[in-house]
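Heads up: the structure comes next, in structure tokens.
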Amino acid sequence: MIAALVALAFVAQAARPPVFDQRRIDLLQFEVRLPDTLSTAERTRAVATFTADTRTIRACPDAARIAARYRKDRIFSGTLTSRPNVPYAVLPAPLRIELAKVPTGRATRPFGSGKELRVLIACSEPKLPRNAASQGTI
């Protein structure tokens with residue numbers, strides 16, 4: 001009888017739906033806009049500059065320093081957007097994969113359209129919220 005109950009428990013456990021990924025992450029989005037008036041060569045240089053600058057980021061405050069330099073030198077117009085406590089599961093799979101490739105505090109490779117470039121920086125490791133243990137499936 002005990003063996004039957006143990007077997008039934010394993011079957012019930014296997015049939016349980018997977019637990020939704022409840023981790024949260026603090027992100028910083030660094031975006032620059034490229035003017036429509038740039039020539040192809042200027043656009044290529046702008047992309048190379050942004051790429052090189054964002055590769056130097058080792059912590060989220062580094063992005064703020066680069067953005068301040070851009071404003072002062074009028075290189076790019078852009079924004080820094082802090083996105084605290086983002087549910088990790090809602091990020092598109094390609095962004096989750098890209099974030100997994102870079103250490104915390106470092107920028108992803110630039111992505112975006114021809115008019116804007118952006119990088120994401122994980123300011124924290126993906127972590128479970130404090131009450132996540134009580135939010136599992138029943």
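The values are calculated or read from the model by the stated rules, or taken from the named source; none is laboratory data. Note that the structure is predicted; figures quoted are calculated from it, not measured. No Cβ is skipped: glycine too gets one built from the backbone with ideal geometry, and neighbour counts run over all protein chains shown. Please note that ligands, DNA and RNA were not included when accessible areas were found on the heavy atoms of the full protein model with its side chains. Shrake-Rupley method; radii C 1.70, N 1.55, O 1.52, S 1.80 Å.
Here are a few things to note about the model shown:
- All positions within region 70-105 that are at positive phi and among the polar types (S, T, N, Q): Asn85
- For Asp26: the one exception among (1) modelled with pLDDT of 95 or more; (2) over 18 Å from the mean Cα position of the chain (by Cα): (2)
- Candidate set: region 33-90, residues that are among the acidic types (Asp, Glu) and part of a helix (DSSP H, G or I); chosen: the one farthest from Phe111 (Cα to Cα): Asp73
- Residue that is farthest from Leu34 (Cα to Cα) [pool: residues in region 59-107 that are touching a residue at least 40 places away in the same chain (Cβ under 8 Å) and open to solvent by 80 Å² or more (accessible area, probe 1.4 Å)]: Asn85
- Scanning region 47-58 for residues that are open to solvent by less than 60 Å² (accessible area, probe 1.4 Å) and in contact (Cβ under 8 Å) with a residue 24 or more places away in the chain gives Val47, Thr49, Phe50, Thr51, Thr54, Ile57.
- Tally of residues being under 24 Å from Asp62 (Cβ atoms) and open to solvent by less than 50 Å² (accessible area, probe 1.4 Å) across region 27-46: 8
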